Amino acid sequence: MTKAFGITATALLMLAACGDKPGETTGNIAATDAMSREEVKAAVDKVQLKPGQWEGRFTIQDIDLSKMPGAPAGMEDQMKSMMSQTALKYCVTPEEAANPSGEMFAGQDNKDCAFKDFAVSGGTVKGQVSCKADGGTMNATMAGTYASDSYAMDMDMQMAGGPDGTAMAMKARSEGKWIGADCTAE
């Protein structure tokens, strides 16, 4: 399940807001606005999932490579195809269902991430994250819905500071549903 939640978390961190272009709703998080990892975990701990077999999918809705000099024609469509998954089946144990773990958002090892406005309440989840790595920065917003047997998240992500000043942005959606109490080995 950790791998599946990692995919979901990545997807959640890319959630699309209402902008026309990928990356429009992202922004840097000031240190004074940041939430602690413990605050993020406390918010996520409110989510209670059904144990058993789940099926999820991650879809790139839009990608903008206009600030990536030298990107070949058709690369955006190729990336959409490669990064989108038709379906991923995974098992959620009773222990994982009772405590989905704030680390799915707070990150297990990345201490260079800041979080803002994470809230999980009444079947909705939203938040922002900003991470620094390898000389670049990734900023993302997310918003979505969850229930014990389903989730749907829209993400908007912008990455900047790549080699030669390259940058990219994308919007994606992650969806999942509970499909049965018994897990199958797939």
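The values are calculated or read from the model by the stated rules, or taken from the named source; none is laboratory data. Note that the structure is a prediction, hence the values are computed from the model and not measured. FYI the Cβ positions are ideal-geometry reconstructions off the backbone, even for glycines, and counts take in every protein chain you see. Heavy atoms of the whole protein, side chains included, go into the accessibility calculation; ligands, DNA and RNA do not. Shrake-Rupley method; radii C 1.70, N 1.55, O 1.52, S 1.80 Å.
Observations, loosely collected:
- Screening the range 64-78 for residues that are touching a residue at least 40 places away in the same chain (Cβ under 8 Å) and open to solvent by less than 80 Å² (accessible area, probe 1.4 Å) and picking the one that is nearest to the chain's Cα centre (by Cα) gives ASP64.
- Taking the listed residues ALA114, ALA43, the one that is modelled with pLDDT of 80 or more, of a type in the set (Gly, Ala, Ser) and crowded, with 17+ Cβ neighbours inside 10 Å is ALA114, with no other qualifying.
- Lone qualifier among GLU95, GLU55 - being of a type in the set (Asp, Glu), at pLDDT 80 or above and assigned to a helix (DSSP H, G or I): GLU95
- Listed by first and then second residue, the pairs linking a residue in the range 131-148 that is closer than 18 Å to GLY56 by Cβ to a residue that is open to solvent by 60 Å² or more (accessible area, probe 1.4 Å) and not charged (D, E, K, R), with Cβ atoms under 6 Å apart and 6 or more places separating them unless they lie on different chains, are THR145/THR124; SER148/GLN48.
- Across the range 138-178, the number of residues qualifying as outside any strand (DSSP E or B) and crowded, with 16+ Cβ neighbours inside 10 Å comes to 1.
- Matching entry among GLN128, GLN61 (being at pLDDT 85 or above, within 16 Å of MET168 (Cα to Cα), open to solvent by 30 Å² or more (accessible area, probe 1.4 Å) and polar (S, T, N, Q)): GLN61
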